[in-house]
Amino acid sequence: MTQYLILLPGDESRWQSATEAERAAMYDRHRRFMALLAERGHTLIGGAELTHSSQARVVRGDLDAVTVSEGPFAETVEQLTGFYGVESDDLDDLLQVCGLLAGEHGLEVRAAVESQQAEPVHLDDEPAKSWREGAPA
């Protein structure tokens, strides 16, 4: 199965000013989205609503020599507000299900690059493998 990341942009100021009923309706839409994924044979492997972009940190530099700034890099109305990770063998149907959340802002669906490794790498492996191991040169 191919892994996809579904990126959810949104207008944070609209969400902050939304009523409880508007927020409840949006959460209901997300619950329906997750149920449809399962009903149609897609596997939800993760996801989360993200905190406000003003709490983001932008990191530049190199190991132990970084510059950190607060807030988003892009000065736009829309910011990344959440994401889902999904495994699927049917991209066309997955895109149809994503229509439930797309709305006026749209969303982005991107496939993960398939790893050349036979075994998944876990952060607690000893010794830790580099993410570059197995990547095409």
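Quick note: the coordinates plus some simple rules give every number you see, no bench work behind them. Here the structure is a predicted model, which is why all the values come from computation and not from measurement. Note that each Cβ is placed from the backbone with ideal geometry, even for glycine, and that neighbours are counted across all protein chains shown.
For the peptides 17-30, 36-49, the ranking by packing is 36-49, 17-30, with the highest mean count of neighbouring Cβ atoms within 10 Å listed first. Taken over the C-alpha atoms, region 6-114 has Rg and Dmax values of 16.1, 48 angstrom. In this label model, D28 and D89 are separated by 3.5 nm, measuring between points 7 Å along each Cα→Cβ vector.
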